[in-house]
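Asks: If you scroll down you'll find the structure; I have some questions about it.
A short reminder: the numbers here are calculations on the coordinates, not readings from a lab. This one's a predicted model, so the numbers in the text were calculated from it and none came from an experiment. Every residue, glycine among them, receives a Cβ derived from its backbone with ideal geometry; neighbour counts consider all protein chains shown.
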Amino acid sequence: GRQGEDTSEIDHGRGPPTSSSSTPTPSPPDSNLSQTIQTLLLSRLGLQSQPNPQSGVPVPQYLLDLYRFHQKQYHLVEDPSFSFPSQHIQQANTVRSFHHSESREDSHTEKDHTRVHISFDISSIPQEERVLSAELRLLRSDRASLGPGPHRLNLYLSKHREDPEQALLETRLLTNNLHSYKPSGFWEAFTLSAELLQKIQESSGSLGFLLEIKPENITNPLPYQMLASASYEDKTDGQNERHLRVCRSVGQDDHSWARERPLLVTYSHDGRGEPLIKHGRKTSGKSQRIRGKKGSKVRARNSSKGHDTAKAWGRAKKKGYSVQDWATNTGGVSWSERGRVKR
Amino acid sequence: NGGHSAKLRRLSRGRCRRHPLHVDFRDVGWQKWIIAPSGYDAFFCLGECRYPLADHMNASSHAVVQTMVNSVNGAVPRPCCVPTSLSPIALLYMDSQDRVVLKNYQDMVVEGCGC
């Protein structure tokens with residue numbers, strides 16, 4: 001606003017003088033201007049309007065832990081088995097989470113408890129956003145009894161439960177090793193390809209899976225009751241807790257169910273800005289573990305930040321520091337970095 | 001001498017540099033949809049770009065030329081004090097479909113100012 005009439009003389013008529021040149025003192029913006037500025041900012045943030053979420057919408061624990069790990073607030077990470085998805089995040093600047101669509105009609109009519117169909121609506125992903133990879137995350141509860149022997153989980157891509165063109169995406173052996181995961185459960189993550197997500201994004205926007213679980217190493221088909229008792233949670237009684245948390249228990253509250261229900265996580269890039277992890281930093285290629293909240297171990301697989309910090313924590317631990325002291329004093333900055341800054 | 005150094009200090013304070021600015025999302029009612037952080041240090045650039053342009057002012061060659069022209073013709077303004085280096089922040093928020101999103105937004109924090 002300091003360009004007066006004299007300035008316009010040297011502008012050679014390339015543009016008309018702005019209205020701001022006639023107002024020497026700035027005044028508070030009126031509500032319309034304020035609204036325009038907010039709309040402009042939201043547009044730059046990739047939002048069409050200001051979201052107005054319902055109150056009390058539960059936030060997936062995985063996203064919270066991911067945010068805290070990214071902010072180097074390692075001591076606040078709650079899931080003891082949390083693994084930083086650096087292989088997905090290296091190219092992505094956006095992580096979106098989706099809960100599956102719950103259909104009460106389907107849940108009551110399903111008789112075969114060895115096969116469950118779940119679907120996700122991913123049509124809200126903006127068209128300009130390129131999905132780079134995705135993960136289907138299913139909670140395997142420790143309270144569940146796998147029954148005798150290992151079980152095999154088959155994951156099919158399926159539009160609906162009776163889809164004749166089911167494509168097998170992955171098969172995984174679920175062992176009965178109760179020591180491998182914590183009482184709160186262990187998340188089984190299935191990586192999905194970018195091509196699959198892009199194809200779904202361009203077509204219906206609905207992504208459906210059929211989950212099938214079968215006992216391994218059993219040649220004779222089991223009676224129905226045995227399969228049923230060794231399969232998914234029976235939502236009719238709430239007591240028959242099984243391998244994977246894909247159905248809601250009777251009377252289970254929203255908050256508790258939000259922490260256990262299947263989660264689809266997409267990793268994408270909107271073509272603007274840097275990915276969540278900067279390039280050009282050293283990666284260790286090995287799993288790194290550091291102590292998180294309540295002394296639990298947090299894994300930082302292939303994470304350069306996690307690698308530096310884990311080493312720093314190791315050195316701090318030898319010096320007798322507690323994790324709280326370390327996190328508070330360093331603010332997540334590695335020990336060596338902190339020393340250099342001080343010098 | 002005391003008066004001279006005080007004048008220098010006053011001039012130095014008025015030079016282009018980064019100033020603290022904390023943005024609190026609660027002030028604009030955005031805490032309803034931004035889960036974390038509740039606010040962040042955005043900083044801003046303010047100050048004069050006058051001769052001599054010190055190294056730490058990250059002056060462009062154009063700024064030097066413009067300063068020189070300003071010294072002979074006051075109608076030409078001095079260079080502006082603007083951000084020369086910005087960094088992103090990650091926001092955890094809910095979109096219009098109540099889905100939680102973690103996104104890295106570029107150019108949200110001023111790291112350095114210059115002329």
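Asks: What spacing in nm lies between the two simple spin-label points modelled at B:GLN106 and B:GLU48, each 7 Å away from Cα in the Cβ direction?
Replies: Between B:GLN106 and B:GLU48, the simple spin-label model gives 3.6 nm.
Asks: Under a no-solvent Debye model with one identical scatterer per Cα of segment B:1-75, what's log10 I(q)/I(0) at q = 0.11, 0.24 Å⁻¹?
Replies: Ignoring solvent entirely, the Cα scatterers give -0.51, -1.09.
Asks: Continuing with the same structure: Given R₀ = 30 Å, FRET efficiency for B:ASP27-A:SER124 by Cβ-Cβ distance, to 0.05?
Replies: Details: r = 28 Å, r/R0 = 0.94.
Efficiency for this residue pair is about 0.60.
Asks: Helix B:61-72 against the longest principal axis of chain B: what's the angle in degrees, Cα atoms only, rounded to the nearest 10?
Replies: Its long axis makes an angle of about 50 degrees.
Asks: Regarding segment B:49-115, what's the average projected area of the Cα-atom convex hull, expressed in nm²? Each step should come with its number before you reach the end.
Replies: Working: hull surface 24.9 nm².
Computing the convex hull of the Cα atoms and averaging its projections yields 6.2 nm².
Asks: Just to verify a number: FRET efficiency for A:GLU216 and B:GLN97, C-beta to C-beta distance, R0 = 41 Å, to 0.05? List each step's numbers first, then the result.
Replies: Working: r = 39 Å, r/R0 = 0.95.
Plugging the Cβ-Cβ distance into 1/(1 + (r/R0)^6) gives 0.55.
Asks: Also, quick follow-up: If amide hydrogens are placed 1.01 Å from N in the peptide plane, which non-local residues have theirs closer than 5 Å to the one on B:VAL109?
Replies: The list, which skips near neighbours in sequence, is B:SER87.
Asks: Going down the list A:LYS159/A:LYS199; A:LYS278/B:LYS103; A:LYS159/A:LYS214, which pairs span over 18 Å between their C-alpha atoms?
Replies: On the way: A:LYS159/A:LYS199 13 Å; A:LYS278/B:LYS103 14 Å; A:LYS159/A:LYS214 21 Å.
Those over the limit are A:LYS159/A:LYS214.
Asks: Using R₀ = 60 Å, calculate the FRET efficiency as 1/(1 + (r/R₀)^6) where r is the Cβ-Cβ separation of A:GLN87 and B:SER5; round to 0.05. Please list the in-between numbers first.
Replies: Details: r = 57 Å, r/R0 = 0.95.
Given R0 = 60 Å and the Cβ-Cβ separation, E is 0.55.
Asks: At A:LEU45 and B:ASN73, where each label point lies 7 Å from the Cα along Cα→Cβ, what is the point-to-point distance in nanometres?
Replies: 4.4
Asks: So what's the angle, to the nearest 10 degrees on a 0 to 90 scale, between helix B:2-13 and the longest Cα principal axis of chain B?
Replies: Once rounded, one gets 40 degrees.
Asks: What order do you get for A:124-130, A:54-60 when each peptide is scored by the mean count of other beta carbon atoms within 10 Å, highest first?
Replies: A:124-130, A:54-60
Asks: When Cβ neighbours within 10 Å are restricted to other protein chains, what is their mean count per residue of peptide B:75-87?
Replies: 2
Asks: Once the other residues with Cβ under 15 Å from the Cβ of A:ILE37 are scored (Lys, Arg +1; Asp, Glu -1), what is the net sum?
Replies: Numbers: positive: A:ARG44; negative: A:ASP30, B:ASP27.
That sum, taken over residues with Cβ under 15 Å, equals -1.
Asks: So, one more: Please give the net charge around B:GLN97, taking every other residue with its beta carbon less than 14 angstrom from that of B:GLN97, where Lys and Arg add +1 and Asp and Glu add -1.
Replies: For residues surrounding B:GLN97, the net value is -1.
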